[in-house]
1. For the range 277-289, does any single residue satisfy the condition of being within 16 Å of the ligand (Cβ to nearest atom) and without any contact (Cβ under 8 Å) to a residue 60 or more places away in the chain?
2. Filter the range 23-39 down to the residues that are surrounded by 20 or more Cβ atoms within 10 Å (Cβ to Cβ) and outside any strand (DSSP E or B) and list them by number.
3. Residue by residue through the range 212-237, note down the ones that are in a loop (DSSP other than H, G, I, E, B) and within 18 Å of residue 174 (Cβ to Cβ).
4. Exactly one of these conditions fails for residue 347: (1) within 13 Å of the ligand (Cβ to nearest atom); (2) among the basic types (Lys, Arg); (3) within 20 Å of residue 190 (Cα to Cα). Give me its number.
5. Looking only at the range 18-44, which residues are within 11 Å of the ligand (Cβ to nearest atom), among the hydrophobic types (A, V, I, L, M, F, W, C) and over 26 Å from residue 206 (Cα atoms)?
6. Quick test for you: out of 385, 368, pick the one residue that is hydrophobic (A, V, I, L, M, F, W, C), more than 17 Å from residue 54 (Cβ to Cβ), surrounded by 10 or more Cβ atoms within 10 Å (Cβ to Cβ) and modelled with pLDDT of 75 or more.
7. Determine the pairs where a residue that is closer than 10 Å to residue 132 by Cβ and in the same structural domain as residue 53 (by TED's automatic domain parsing), located within the range 106-122, has a partner that is at pLDDT below 95 and in a helix (DSSP H, G or I) with Cβ atoms under 8 Å apart, the partner being 6 or more residues away or on another chain.
8. Consider residue 281 carefully, then state whether it is out of contact with any helix residue (DSSP H, G or I) (no Cβ under 9 Å at 6 or more places or on another chain) and part of a loop (DSSP other than H, G, I, E, B).
Amino acid sequence: MDDVVVVGAGPTGLWLAGELRLGGASVTVVETRPERDPHSKALTIHPRTIEIFDCRGVVEPFLAEGIRIPNGHFGGLPDRMDFSVLDTPYPFTLALLHARTEELLEDRARRMGATIRRGCRVVGLTRDGVELPDEEVIAARYVVGCDGTRSTVRAAAGIDFPGTEATTWGWLGDVVLDAPPERGSATIAGADGGLMIVPLPGGIHRLVGADPHTNRPDRPGELTLDELRTTVRRIAGSDFGMRDPVWLSRFGNATHQAATYRKDTVLLAGDAAHMHFPTGGVGMNVGIQDAHNLGWKLAAVATGRADETLLDTYHHERHPVGTNLLEHTRAQTALMTTYSPEGQALRAVLSGLIATAPDMSRRLAERLAGLDVTYATGRRVPNLLLPEGNTLFERLRSGRHVNTEVGLVRPDGYLA
Ligand SMILES: Cc1cc2nc3c(=O)[nH]c(=O)nc-3n(C[C@H](O)[C@H](O)[C@H](O)COP(=O)(O)OP(=O)(O)OC[C@H]3O[C@@H](n4cnc5c(N)ncnc54)[C@H](O)[C@@H]3O)c2cc1C
């Protein structure tokens, strides 16, 4: 019997598997897909996630391959938040294809000794593990549902997922552009809708946006290239020579959060615990951060080094972070999907404040970046320079408790 079975090999489940192994727990990850999804939902990796990778000594490939972007948007507003002022060694976001992020996380989990079973769909929970089709059981003392918004684990455990249903739909096209915008990327918004264009590796561009025609509760039909072309022309006056779509998709603003992140021996993390409109590029980041919070605790409990009650701190610490995520993505959705003159005026006022009120811009950036995270036990510690000459992030690489002396000096020379 394994200590833990993780359901879902998305970014959350894969980071969790590595963390559990680091803490000495045995783990099997079960994933429906025989192969990784080639389409890249998540592109943006935020500063706190990059710090977490550094705290485990695996940041290098992300830094080497990701495109560094020193600013970020809030709700598609044209004036962008300056990330370069943030108190972190990584004051930028990284743009990296979701599939590549998963590949790097899966490599780590396998290197650490996690078993990953692809092509296996979990259909339910048993008294001591999970059930696959044909009554096969994978036995484990703990089950973690990292199985996305439609989580089978959440449903089987009877954990409520209260929230609100979709009222509006965004769209996305990864396409070739023969006439891309001058600087490669662009943000365009008006009464006809809003659109962001970003270059992706492999000579394609992502066009992502929303428009008044899809402000409705029922899911519109499949997005076609012709519809995307017409919509983009209406918003931007050009279709940028789009052709050869790699991926066309829609996403709604249904917003839900699990009532509890722990029920006895079942836990939830990532999209299984929180669902929202994907604006600001944060969902995967919060999922990895959930996994980071849970991993060492569950490993310590499963290997008998800590009491079960430690697991309750996972819910107490991460549920409010999920609530905060739902709040700011809802706020961003409202800004992105407002097309009236009043809505446009609200966008202009807020965008102007981001450009001219550095403190407000910084606080919003810290919120998306995950750097403002605060628990009852304290708030995130920056990368302190330790008396022995190494940094805090380096000291955290073992995943075990670290005792530090007072008299720490920050990299900027101040005493902490
Ligand atoms: C268009 C779009 C753009 C986005 N952009 C960003 C971004 O830039 N940055 C960001 O941080 N987030 C972004 N997100 C959100 C991000 O994609 C998700 O938050 C993230 O993928 C969640 O990771 P996860 O591992 O929790 O869940 P998922 O990625 O959904 O992974 C769940 C896994 O579980 C598997 N699974 C499901 N059910 C079962 C079962 N019964 N048995 C076995 N396996 C199962 C699935 O096959 C899947 O592999 C975006 C989302 C969308 C839709």
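The values are calculated or read from the model by the stated rules, or taken from the named source; none is laboratory data. The structure displayed is predicted, hence computed values, not measured ones. Note that we place each Cβ from the backbone using ideal geometry, even for glycine, and neighbour counts take in every protein chain shown.
1. If we filter the range 277-289 for residues that are within 16 Å of the ligand (Cβ to nearest atom), which is where we start, we get 277-289.
In the following step, the residues that additionally are without any contact (Cβ under 8 Å) to a residue 60 or more places away in the chain were identified as none.
No; the residues of the range 277-289 include none that is within 16 Å of the ligand (Cβ to nearest atom) and without any contact (Cβ under 8 Å) to a residue 60 or more places away in the chain.
2. Initially, the range 23-39 is screened for residues surrounded by 20 or more Cβ atoms within 10 Å (Cβ to Cβ), giving 23, 25, 27-31.
23, 25 - these are the residues of the range 23-39 that are surrounded by 20 or more Cβ atoms within 10 Å (Cβ to Cβ) and outside any strand (DSSP E or B).
3. Looking only at the range 212-237, we keep the residues that are in a loop (DSSP other than H, G, I, E, B), and these are 215-224, 237.
Those that are in a loop (DSSP other than H, G, I, E, B) and within 18 Å of residue 174 (Cβ to Cβ): 222, 223, 224.
4. (1)
5. Narrowing the range 18-44 to residues within 11 Å of the ligand (Cβ to nearest atom): 29-37, 39-44.
After this cut, where a residue has to be among the hydrophobic types (A, V, I, L, M, F, W, C) as well, the list is 29-30, 42-43.
Correct list: 29, 30.
6. Values: 385 fails: more than 17 Å from residue 54 (Cβ to Cβ).
After ruling out the rest, the residue left standing is 368.
7. Sorted first by the residue in the range 106-122, then by its partner, the pairs are 121/133.
8. no
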